[in-house]
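Only one structure is covered here, and it is reproduced in the block below.
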Ligand SMILES: [Zn+2]
Ligand SMILES: [Zn+2]
Ligand SMILES: [Zn+2]
């Protein structure tokens, strides 16, 4: 596990390389997501910033911050729940590719997963054979995490 501080530094560096800036507020939002195992909504993040840093951010500002972080590929948006997660590859050098997520239906924990290209191609083929077209390259899978599975067995 890479320490959050270290990830934040790398995020800052990435923004600098792109000629943008990870301002204090942007950093606070990113930190909230990095510390959370669950995806958080814009409103939950507003609450977080208020509780942790005494910052009251209006929803418009929060959405702008989240848009920025998404553009910098530091966070991902889950389309089904309309919530956000920190990217788990901020400190990696490799090509990111499409992001896919496993979401625990019981506790809300989210994990970013890599799905191999052949599997995705097969999925694309199956979808188009059925007369549909995938509109999002991002899969969000309903799951149960191991901890929840252990608890319920
Ligand atoms: Zn990612
Ligand atoms: Zn990685
Ligand atoms: Zn769970």
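Here is a list: 37, 70, 44, 55. Which entry is in contact (Cβ under 8 Å) with a residue 60 or more places away in the chain and surrounded by fewer than 21 Cβ atoms within 10 Å (Cβ to Cβ)?
37
Is it fair to say residue 129 is away from ligand 2 (no atom under 16 Å from the Cβ) and within 12 Å of the chain's Cα centre (by Cα)? No: the conditions fail for residue 129.
Of 138, 144, which residue is in contact with a strand residue (DSSP E or B) (Cβ under 7 Å, 6 or more places away or on another chain) and away from ligand 3 (no atom under 16 Å from the Cβ)?
138
When you go through 74, 8 one by one, which is the residue that is over 14 Å from the mean Cα position of the chain (by Cα) and modelled with pLDDT of 95 or more?
8
Filtered by the rule that a residue be crowded, with 20+ Cβ neighbours inside 10 Å and within 16 Å of ligand 3 (Cβ to nearest atom), the stretch 80-99 gives 83, 85. Looking at the stretch 88-110 only, could you name the residues that are in contact with a strand residue (DSSP E or B) (Cβ under 6 Å, 6 or more places away or on another chain), within 14 Å of ligand 2 (Cβ to nearest atom) and either in a loop (DSSP other than H, G, I, E, B) or without any contact (Cβ under 8 Å) to a residue 24 or more places away in the chain (or both)? Selection gives 88, 99.
Only a single criterion out of (1) over 11 Å from the mean Cα position of the chain (by Cα); (2) modelled with pLDDT of 95 or more; (3) within 22 Å of residue 139 (Cβ to Cβ) is not satisfied by residue 80, namely (2).
Residue by residue through the stretch 48-79, note down the ones that are within 16 Å of ligand 3 (Cβ to nearest atom) and touching a helix residue (DSSP H, G or I) at 6+ places or on another chain (Cβ under 7 Å). Of everything in the stretch 48-79, nothing turns out to be within 16 Å of ligand 3 (Cβ to nearest atom) and touching a helix residue (DSSP H, G or I) at 6+ places or on another chain (Cβ under 7 Å). Scan the stretch 64-78 and tell me whether some residue there is within 15 Å of ligand 2 (Cβ to nearest atom), in the same structural domain as residue 38 (by TED's automatic domain parsing), assigned to a loop (DSSP other than H, G, I, E, B) and within 16 Å of residue 25 (Cβ to Cβ). Yes, some residue in the stretch 64-78 is within 15 Å of ligand 2 (Cβ to nearest atom), in the same structural domain as residue 38 (by TED's automatic domain parsing), assigned to a loop (DSSP other than H, G, I, E, B) and within 16 Å of residue 25 (Cβ to Cβ). Total residues in the stretch 128-145 satisfying the condition of being surrounded by 10 or more Cβ atoms within 10 Å (Cβ to Cβ) and either over 18 Å from residue 77 (Cα atoms) or free of Cβ contacts under 8 Å to residues at least 24 places away in the same chain (or both): the figure is 4. Of all the listed residues (120, 102), the sole one being modelled with pLDDT under 95 and either within 15 Å of ligand 3 (Cβ to nearest atom) or surrounded by fewer than 19 Cβ atoms within 10 Å (Cβ to Cβ) (or both) is 120.
The values are calculated or read from the model by the stated rules, or taken from the named source; none is laboratory data. Owing to the predicted nature of the structure, the values given are computational and were not obtained by experimental measurement. Note that each Cβ is placed from the backbone with ideal geometry, even for glycine, and that neighbours are counted across all protein chains shown.
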